[in-house]
Amino acid sequence: NIFDFDAISTYATHPNKPGSYDDLVNHALSWWESAKTMCKNKTVVPIVMTGWDPRPRAETPAPWQKEEYIKKASEIYFETPKPEEIADAVGRAVVWAKQNKSPLIIIYAWNEFDEGGWIMPTLMKGDARLKAIGELIKRLCNEKNSNNSHRSP
């Protein structure tokens with residue numbers, strides 16, 4: 001084995017055809033399962049996609065952008081998710097991570113505005129995505145604390 005690693009993840013993943021946000025989430029979930037099967041005895045850190053729509057990058061490409069990427073970017077994109085859909089995807093990843101003994105998850109991405117994935121506040125959308133994720137985390141923490149309080153010392 002030329003690679004000696006403790007865990008595996010990915011920066012981003014998407015199917016090679018446009019679709020709904022659910023399609024994107026289900027593809028990521030499929031990636032988690034494939035990685036788990038492929039890398040037995042290794043930790044899989046699930047990726048949560050916050051979107052994928054690189055059409056802005058295709059419209060005004062950076063000088064280093066290859067022609068092939070620009071063509072694909074204008075063809076492969078997904079519907080923009082609602083904040084609560086992103087929070088739901090984060091929740092699914094947290095549950096999966098717990099079940100599969102992963103200590104963390106990865107959220108794509110903080111600021112990939114020109115590729116359609118972000119959680120950073122924007123002028124148009126405000127901080128709705130962060131608030132939805134924050135509410136989910138509060139709920140998960142409250143559930144954990146409530147479950148722990150029912151255990152005997």
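Since every read-out is calculated from the coordinates, none of them should be taken as a lab result. Source: prediction; values computed, not measured. Quick reminder, even Gly has a Cβ in these numbers, built from the backbone with ideal geometry, and neighbours come from all protein chains shown.
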If you look for lysine pairs in the chain that are eight or more places apart or on different chains, how many of them have Cα atoms under 15 Å apart? 10
How are the alpha carbon pair distances in the chain distributed across 5 Å bins from zero to the largest one, expressed in percent? 2, 9, 16, 18, 17, 15, 12, 6, 3, 1, 1, 0, 0
Which whole number in µm²/s is D for the range 75-125 by Stokes-Einstein, with the Kirkwood Rh taken over Cα pairs at 20 °C and 1.002 mPa s? 172 µm²/s
Between Glu59 and Tyr11, Cβ-based FRET efficiency (R0 30 Å, step 0.05) works out to 0.85
Cα convex hull of the range 69-153 - mean projected area over all directions, nm²: 7.5 nm²
Nearest 20 debye, what's the magnitude of the dipole of the range 1-116 about its Cα centre given +1 on Lys and Arg Cβ and -1 on Asp and Glu Cβ? 460 debye
What FRET efficiency, computed as 1/(1 + (r/R0)^6) with R0 = 35 Å and r the Cβ-Cβ distance, is obtained for Asn148 and Glu33, rounded to the nearest 0.05? 0.75
222 nm mean residue ellipticity, helices alone, for the chain (DSSP H n ≥ 4; -39,500 (n - 2.57); rounded to 500): -15000 deg cm²/dmol
